[in-house]
1. Sort out which residues of the stretch 452-502 are under 18 Å from Leu399 (Cα atoms) and part of a loop (DSSP other than H, G, I, E, B), and write them in order of number.
2. If I filter the stretch 313-330 down to residues being crowded, with 19+ Cβ neighbours inside 10 Å and not hydrophobic (A, V, I, L, M, F, W, C), which single residue comes out as modelled with the lowest pLDDT?
3. Can you name the residue in the stretch 95-133 that is in a strand (DSSP E or B) and within 32 Å of the chain's Cα centre (by Cα) and, of all such residues, is surrounded by the most Cβ atoms within 10 Å (Cβ to Cβ)?
4. Taking Leu28 as meeting all but one of (1) loosely packed, with under 15 Cβ neighbours inside 10 Å; (2) under 30 Å from Tyr157 (Cα atoms); (3) in contact with a strand residue (DSSP E or B) (Cβ under 8 Å, 6 or more places away or on another chain), write down the number of the exception.
5. For Ala82, are the conditions met, namely being part of a helix (DSSP H, G or I), under 24 Å from Pro279 (Cβ atoms) and not acidic (Asp, Glu)?
6. Within the stretch 402-418, can you find the residues that are hydroxyl-bearing (Ser, Thr, Tyr) and in contact with a Ser or Thr (Cβ under 7 Å, 6 or more places away or on another chain)?
7. Exactly one of (1) surrounded by fewer than 20 Cβ atoms within 10 Å (Cβ to Cβ); (2) touching a strand residue (DSSP E or B) at 6+ places or on another chain (Cβ under 6 Å) is unmet by Pro90. Its number?
8. Quick one: is Tyr301 touching a helix residue (DSSP H, G or I) at 6+ places or on another chain (Cβ under 8 Å), surrounded by fewer than 17 Cβ atoms within 10 Å (Cβ to Cβ) and assigned to a helix (DSSP H, G or I)?
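The values are calculated or read from the model by the stated rules, or taken from the named source; none is laboratory data. All of these numbers come straight from a predicted model, not from anything done at the bench. Methodologically, a virtual Cβ is constructed for each residue, glycine included, from the backbone with ideal geometry; neighbour enumeration extends over all protein chains shown.
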Amino acid sequence: MRLDIYCQDRVGITLEILAVIDQRGWDLGCVEMYRHHAFILINEPSITFATVQKALKAVEGVISVTRPDLLPSERRRKHLDALLSKLPDPIVDINAHGGIMAANRAAAEAFAQQSEALEGQNISKLIDCSLDEIFKRNAMEVACAGKLYLLDVTQVYSESKVSGAVIVFRSPARLGQEIAAMQAQKGESIESMIVKSQKMKTIVQQTRRFAALDLAVLIRGETGTGKELLARALHESGPRAKQPFLAINCATLPENLLESELFGYAAGAFTGAQRGGKPGLVELADKGTIFLDEIGEMSVYLQAKLLRFVQELTFRRIGGTSEMTVNVRIVCATHKDLEQMTQSGHFREDLFYRLNVLNLYLPPLRERREDVTALVKHFALNASKQINQHCPTFSKGALALLSRSPWPGNIRQLQNVIFRTLALTDKKVIDTQDICLTANEENNQHSVDIEQVASLDETVDEFEANLLRTLFVQYPSTRKLAKRLDVSHTRISRKLSKYGII
């Protein structure tokens, strides 16, 4: 029987209440004292509440006696259990001797025991790690119930001495999801892609079909065309969308570091290695997708190791002895001609065919000029939010200037130009002269894209229009411009009217 005794705050009242219980020989199970309240548990099923209430209210200063559903400590424990049960990682609380005092539902599932059965057991008997190591280190890798976990240990102190610890067991899969969440950006689905040109509409249709097929995909395209964005959209639209998507650029790391990042390493694999070992991306991406960018930069040695992994989906950590199996989808990207590299011996032919099951080609921006206007508006909106200013509009002349550029750096270069332009001007309307181009980018405005040349007359007209549009900003009258180009005023007036400049 749980009791809430509401009483005056005076010295000795608690002792008088306990004396009443002692005189009647009632079994006292628990006492919790708070100001104006004494919570008591009496283990006497034979007595009635009315009897207890009458006896306790006889004590001077007792105002009321009621029956709560739970004692304060029980209520806190239930709320704490509910909170811990919502956490996906196994968590245990141990005392200074390693005895488990509390464990959440995920821990019970990991150890294949009930939470109540775990309490009282020693943690060192459940994992391959000594108690000394647990208290000395904040993180380590251990085997538990046939699975690998990374332990996150937080010591609990009492009077400057370690009195216990809270241990979080993090599985590589959970870590992979957390890393993927940190890397993720908003708007990565296929529906969010900016598509106006027919070429990109075809790419979107292919991506939708490929997303449902759990096969390797090779994405090709020039630098800056958005290959990683397409890979993420492919992942987000497929059955593995809720699992990790982890990316690595094969061109940015030397061979030895790339191998350890991909496959991880065992404890003591090499000098300076993290104690307890480290999982690699293929392990962290289990059940999800791993994206290998610039796969053409990978060494022949790593190509051989990757080939074995692609074939069997098994691998060994560097310095490890046990085979590990994962279930991942592999998506690769490159700007290189892999067929030519296979002929020259720089890329394994067998690996190429393993990776090139499905393939997508992202066209450069100069081949999808219909998308430029929509991309400009999208980048301008994002840039204005970042620099906290009103989003301007772009004049027809400015959009025409941006659309006709060959953009050798593709979408990434266009994005940089828009951000640079908005950062250096606060105009509500961006005109041609406001576009902030570098010297190389300005030179590219007058370069000829051979693939886009339709006829000599059209090419001459386009060059002439670009030239007049650029010079008219500096010489804003027909007479000044005519004098600058050493032609008649009438001819300049006719040309400016022809190209819609005035």
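1. Tyr499, Gly500, Ile501, Ile502
2. Here the answer is Arg317.
3. Our first condition is that a residue be in a strand (DSSP E or B); within the stretch 95-133, this holds for 95, 99-103, 122.
Filter once more, so that each one left must be within 32 Å of the chain's Cα centre (by Cα): 102-103.
Values: Ala102: 17, Ala103: 27.
In this case the residue turns out to be Ala103.
4. All conditions are met except number (2).
5. Working: part of a helix (DSSP H, G or I): yes; under 24 Å from Pro279 (Cβ atoms): no; not acidic (Asp, Glu): yes.
No.
6. In the first step, residues of the stretch 402-418 are kept if they are hydroxyl-bearing (Ser, Thr, Tyr); the result is 403, 405.
Within the stretch 402-418, just Ser403 meets the criteria.
7. (1)
8. Here the answer is yes, as Tyr301 does meet what is asked.
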